[in-house]
1. Within segment 207-229, count every residue that is open to solvent by 20 Å² or more (accessible area, probe 1.4 Å), touching a residue at least 12 places away in the same chain (Cβ under 8 Å) and either farther than 23 Å from Lys125 by Cα or among the β-branched types (Val, Ile, Thr) (or both).
2. Criterion first (open to solvent by less than 50 Å² (accessible area, probe 1.4 Å), within 16 Å of the ligand (Cβ to nearest atom) and assigned to a loop (DSSP other than H, G, I, E, B)) does Thr110 satisfy it?
3. Here are some residues: Leu119, Leu98, Leu123. Which one is in contact with a Ser or Thr (Cβ under 7 Å, 6 or more places away or on another chain) and either assigned to a helix (DSSP H, G or I) or on the phi < 0 side of the Ramachandran plot (or both)?
4. So, of the residues in segment 350-371 that are open to solvent by 20 Å² or more (accessible area, probe 1.4 Å) and either over 17 Å from Leu31 (Cα atoms) or within 16 Å of the ligand (Cβ to nearest atom) (or both), which turns out to be nearest to the chain's Cα centre (by Cα)?
5. Does Asp387 meet the test of being open to solvent by 60 Å² or more (accessible area, probe 1.4 Å), part of a loop (DSSP other than H, G, I, E, B) and either of a type in the set (A, V, I, L, M) or not assigned by TED's automatic domain parsing to the domain that holds Pro194 (or both)?
6. Taking segment 250-259, which residues are open to solvent by 10 Å² or more (accessible area, probe 1.4 Å) and over 11 Å from the mean Cα position of the chain (by Cα)?
7. Go through Ala60, Ala8, Ala52, Ala34 for me and flag whichever is open to solvent by less than 50 Å² (accessible area, probe 1.4 Å) and not basic (Lys, Arg).
8. May I ask you to verify whether Arg239 is more than 16 Å from the ligand (Cβ to nearest atom), surrounded by fewer than 22 Cβ atoms within 10 Å (Cβ to Cβ) and farther than 24 Å from Asn257 by Cβ?
Amino acid sequence: MTENFLLADEPRLFDRLEAQASDSLLALIGLAKADTRPEKIDVGVGVYRDAAGATPILRAVKAAEKVLIETQETKSYLGSEGDARFVELIKPIVFGGLGARSDRIVGVQTPGGCGALRLGAELIKAAGGNSRIFVGQPTWPNHVPLIGAAGVEFVAHPYYDKETRTVLFDEMIEALKGARAGDLVLVHGCCHNPTGADLSLNQWRELADLIAERGLLPYVDLAYQGLGNGLEDDAAGTRLVVEAAEQALVAQSCDKNFGLYRERTGALFIKASSAEQAQVAFGNLLGLARTMWSMPPDHGAAIVRTILETEELEADWRAELKEMLTRIRSLRARLAAYDERLAFIDEQNGMFSMLPLTPEAVVELRASHGIYMANSGRFNVAGLSDDNVDYFAAAVVAKLDG
Ligand code: LMR
């Protein structure tokens with residue numbers, strides 16, 4: 001029937017869609033999988049691999065899942081805030097005891113760190129005004145598309161020089177001096193993605209002072225807490241800037257530190273100027289979440305809640321997280337010891353470092369050695385195994401020579 005109302009040559013809705021290139025980082029997963037060479041190495045997307053090259057489910061996660069199977073009585077709705085107890089238990093891990101007790105900081109569960117970043121952007125937009133987000137270069141390739149889709153304006157500033165392998169701190173501070181009160185600064189809480197190059201504690205202090213002086217808001221992406229130098233050290237910068245700022249946003253993720261990747265488990269925290277304002281912000285977050293995913297998926301948050309509510313499980317999670325961190329640190333040390341041109345890798349943190357390779361050299365390494373890394377030269381340190389770290393280092397050093 002409806003067809004009768006359309007003129008023969010009128011395009012249908014989907015006729016106007018244009019083909020899209022696939023996400024280059026996620027496409028690497030498929031490319032590496034399809035490679036049949038036994039020596040291939042997938043150091044593309046950020047997932048932790050153990051010495052055998054597997055991404056295991058954490059012991060505490062398995063145990064918590066068993067508890068949930070036996071004790072969970074309903075799958076009924078929890079509402080747009082998700083699992084409130086999960087948020088309450090994550091809060092001290094992110095903010096420490098003092099921050100956790102602050103009634104100016106409120107949070108909601110989100111679908112992973114991505115959901116948190118997007119929800120934060122929607123809140124910024126909903127608040128009106130003309131706040132811009134200052135974002136260091138380079139940054140995680142999905143930051144700008146994900147946050148920008150809410151319609152916020154970005155201002156790019158220098159962060160890291162790939163050739164000299166240094167954080168461009170003075171240039172960054174100079175650029176931030178051009179920010180207006182109410183502008184936001186997107187910062188990686190720890191384990192900078194894609195470079196692994198974090199600010200020193202003194203640099204965080206200087207940034208915190210600038211944020212306080214100029215009335216800026218830190219927008220912290222904290223996706224790798226515990227995988228750099230430990231849970232407390234990795235939160236130190238976040239705590240400094242949040243404490244200094246009158247208002248702030250923190251997007252937290254459990255995808256990596258609980259190994260829950262596909263369960264999409266995270267939280268967005270807002271620090272407001274007062275407890276009353278925090279409640280207003282919380283109400284806005286619920287309304288905005290309702291328009292996007294209505295309610296976040298439960299399973300990952302229920303696992304984290306169960307772990308953090310059970311002393312033995314929490315102790316085992318902390319121990320296994322430390323094992324992961326120790327493994328990443330030892331891989332970094334081995335790469336650094338291989339050749340002085342890789343020495344910088346040991347001074348960096350988390351899953352990633354960025355090699356001073358051209359995109360062409362990256363593609364050549366793919367063809368010649370079956371090494372899959374992002375075109376930017378970013379590679380996932382945690383994707384290496386004890387057996388292939390020297391093979392990887394030799395191939396990379398040969399490219400740096402050539
Ligand atoms: C990464 O940067 O590899 C991870 O954060 C996964 C992703 O979603 O890009």
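1. Selection size over segment 207-229: 2.
2. no
3. Leu119 is the lone residue from the list that is in contact with a Ser or Thr (Cβ under 7 Å, 6 or more places away or on another chain) and either assigned to a helix (DSSP H, G or I) or on the phi < 0 side of the Ramachandran plot (or both).
4. Restricting attention to segment 350-371, the residues satisfying the condition of being open to solvent by 20 Å² or more (accessible area, probe 1.4 Å) are 356, 358-360, 363-364, 366-369.
Imposing the further condition that a residue be either over 17 Å from Leu31 (Cα atoms) or within 16 Å of the ligand (Cβ to nearest atom) (or both) reduces the set to 356, 358.
On the way: Pro356: 22, Thr358: 24 Å.
Here the answer is Pro356.
5. For Asp387, the condition - open to solvent by 60 Å² or more (accessible area, probe 1.4 Å), part of a loop (DSSP other than H, G, I, E, B) and either of a type in the set (A, V, I, L, M) or not assigned by TED's automatic domain parsing to the domain that holds Pro194 (or both) - is met.
6. Gly259
7. Numbers: Ala8 fails: open to solvent by less than 50 Å² (accessible area, probe 1.4 Å); Ala52 fails: open to solvent by less than 50 Å² (accessible area, probe 1.4 Å); Ala34 fails: open to solvent by less than 50 Å² (accessible area, probe 1.4 Å).
Ala60 is the lone residue from the list that is open to solvent by less than 50 Å² (accessible area, probe 1.4 Å) and not basic (Lys, Arg).
8. For Arg239, the condition - more than 16 Å from the ligand (Cβ to nearest atom), surrounded by fewer than 22 Cβ atoms within 10 Å (Cβ to Cβ) and farther than 24 Å from Asn257 by Cβ - is not met.
The values are calculated or read from the model by the stated rules, or taken from the named source; none is laboratory data. The structure presented is a predicted model; accordingly, all values stated were derived computationally and were not measured. Positions of Cβ are backbone-derived with ideal geometry, glycine not excepted, and every protein chain shown enters the neighbour counts. These area figures cover heavy atoms from the full protein model, side chains too; ligands, DNA and RNA do not enter into them. Shrake-Rupley method; radii C 1.70, N 1.55, O 1.52, S 1.80 Å.
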